[in-house]
Each structure stands twice: as C-alpha cells, then as structure tokens.
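Worksheet: one structure, shown below.
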C-alpha cells in the first residue's frame, strides 16, 4: 500500500516542470537580448593586419552591446526567480476581509 503511494508520488514529480510558461517566455526573451548583444559586438576587424580599423571602438561595440548582454542576463535571473504560481493581486485588489487582516 505504502509502496504504491510512493510510486504515484514519484511519477507525479517526474511529470511536472520546474518552471512555468511565463518563466520560459522570459528566458527566451533574455536569450534573444543576449544574442542581439553578441551580434552587435561582432565585426569591426580588418582584412589586412597592417591596417587599423577604428570601428572596433565604436559606441555600438563598446557601450550598447555589453549593456544589452548584461540586460539579457538580468532578464534571465528574473525569469529564474519569477514565481509562476503567484497571482497578480496587488494591494488595490484585496477584498474587504483581506484589508482588515493586514
């Protein structure tokens, strides 16, 4: 009897995902922002090693692209820490009985 409950509980844990749909959506957005940052960071080299190309120090490669990569990592951390089961009830949407309890 107890073994059947353990098997059922084990199967239940195996079929559930750690993250919700909202988490995966934010993870994909973060991955896209990181990818965009690395794409903007690429290029700017020269075909001839004796010729210097000043485009490697452009605003896009030095400021914008690393900022996008860091923003993407921030979105990833947010996606991991986001609780998918949390309801969107704010303090303004509390019922009268909940207001009195707080």
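The values are calculated or read from the model by the stated rules, or taken from the named source; none is laboratory data. Given the structure is predicted, the values throughout are model-derived calculations rather than measurements. FYI the Cβ positions are ideal-geometry reconstructions off the backbone, even for glycines, and counts take in every protein chain you see.
Of all the residues in segment 30-54, those that are surrounded by 12 or more Cβ atoms within 10 Å (Cβ to Cβ) and assigned to a helix (DSSP H, G or I) number 11. Of everything in segment 75-86 that is without any contact (Cβ under 8 Å) to a residue 12 or more places away in the chain and assigned to a helix (DSSP H, G or I), the residue that is surrounded by the fewest Cβ atoms within 10 Å (Cβ to Cβ) is 81. Among residues that are modelled with pLDDT under 85 and in contact with a helix residue (DSSP H, G or I) (Cβ under 8 Å, 6 or more places away or on another chain), residue 30 is not included. Just one of the listed residues (45, 2) is touching a helix residue (DSSP H, G or I) at 6+ places or on another chain (Cβ under 9 Å), modelled with pLDDT under 80 and more than 20 Å from residue 72 (Cβ to Cβ), namely 45.
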